[in-house]
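The structure follows.
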């Protein structure tokens, strides 16, 4: 007899969505969250991309958590030339209060019957006959072993480096090891010439020597988040950038967000299932709230079937389903490290508008 049917590692949007779906099926579900506050530390702006799935999700959260509707996008070249601008055609989505959005999804899961342990870090996975059957954890320094038939890893981008993806051996199944880099976002007040509801993409390796671009996320009038690789990158942009140096002249920094990203931005793992473990969200390589939540739906449905039939080999169906779904093409960025700013400039001026439109169109198609 195991302690739980399912252990979900991570109480972000992916983990809480999976826990809610499974708890609604009257399954015994435990969420493990290593931090003492759900939603913190915050790693992103709180942008939820628009799609048919988004339209349904937004109905389930209180209106007070929606900061604003996104109405368009604007793209800038490395030389500070405006490449294109799009009004919303379904991709725009919303900015939400990310911290309380995460808490709301966790509360919904708990109200459906899921249990949760905060300040609980997974230190290892328990194996029986080469099958993972639970987790060793530390809660406020106290060790504990918890058994379960299935583990769902929703522990974010670090899963590949040290979390469930690594501990289960799924990370080792990648043909080529993934690279990860640090990133940061700064929230500015009194930033000029921004338009609430219009997200801007700035291309250029001065923003981040690995990523080659930055997103400006306008939260409200004169308030925005901008991404950079390092503090040094930010200072160079503030001093030299043909557009942002002017906008940031009188701006004040009021918040710093930090995190990591994979060079294969939004490209999922080749395999996300192994030995009674399934990965969802960023742990599986799906960057963004909407792709993360959709992967949760697929994994939860297969998990339910595996438990009903007591056949855990059925989990392998999750890999097949997600590979054929709308998730396979929905990426917010590509690896452009083999280019330089001049090459990017040329590409954007000749085909940037069409490429941007195609990317946003694929995001707008996301659905279950």
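Would you look at the GNM of the chain, springs on alpha carbons closer than 10 Å, and say which of 310, 220, 142 moves the most?
142
Using only Cα atoms and rounding to the nearest 10 degrees, what angle (0 to 90) does helix 341-363 make with the longest principal axis of the chain?
Rounded to the nearest ten degrees, it is 50.
A follow-up question, please. Given the range 1-154, what percent of its DSSP beta bridges are antiparallel, to the nearest 5?
The antiparallel fraction comes to roughly 65 percent.
Using a Förster distance of 51 angstrom, determine the FRET efficiency expected from the C-beta separation of residue 140 and residue 341, and round it to 0.05.
Working from the Cβ atoms, E equals 0.55.
Right, another one. For helix 98-111, what angle does its Cα long axis make with the longest principal axis of the chain, in degrees from 0 to 90 and rounded to 10?
Once rounded, one gets 20 degrees.
So, one more: Between residue 321 and residue 221, what FRET efficiency comes out of the Förster formula 1/(1 + (r/R0)^6) with R0 = 45 Å and r the beta carbon distance, rounded to 0.05?
Efficiency at R0 = 45 Å is approximately 0.55.
Here is a further query. Under 10 Å, Cα contacts only: if you run a Gaussian network model on the chain, which one of 345, 200, 128 comes out with the highest mean-square fluctuation?
Comparing 345, 200, 128 in a Gaussian network model of the chain, the most mobile one is 128.
Measure nothing but the geometry: give the 0 to 90° angle between the long axis through the Cα atoms of 13-24 and the longest principal axis through the Cα atoms of the chain, rounded to 10°.
40 degrees
Which entry in (1) 27.6, 90; (2) 20.6, 64; (3) 19.7, 68 matches Rg and Dmax of the Cα atoms in Å derived from the coordinates of this structure?
It is the one labelled (2).
Only bridges with both residues in the chain count here: give the DSSP antiparallel percent, nearest 5.
The antiparallel proportion sits near 70 percent.
Another question, if that's okay. Which length gain, in nm to one decimal place, applies between residue 246 and residue 328 when the Cα-Cα distance is subtracted from 0.36 nm times their residue separation? Let's see the in-between values first.
Numbers: separation 82, 0.36 × 82 = 29.52 nm, distance 3.88 nm.
My answer for the length gained is 25.6 nm.
Something else now. First measure r as the distance between the Cβ atoms of residue 189 and residue 129, then evaluate 1/(1 + (r/R0)^6) with R0 = 51 Å and state the FRET efficiency to the nearest 0.05. Present the calculation step by step, with values, prior to reporting the outcome.
Numbers: r = 57 Å, r/R0 = 1.12.
Efficiency for this residue pair is about 0.35.
Each reported figure results from applying straightforward, stated rules to the coordinates on display, with no laboratory input. Note that the structure is a prediction, hence the values are computed from the model and not measured. Cβ: placed from backbone, ideal geometry, glycine included. Neighbour counts: every protein chain shown.
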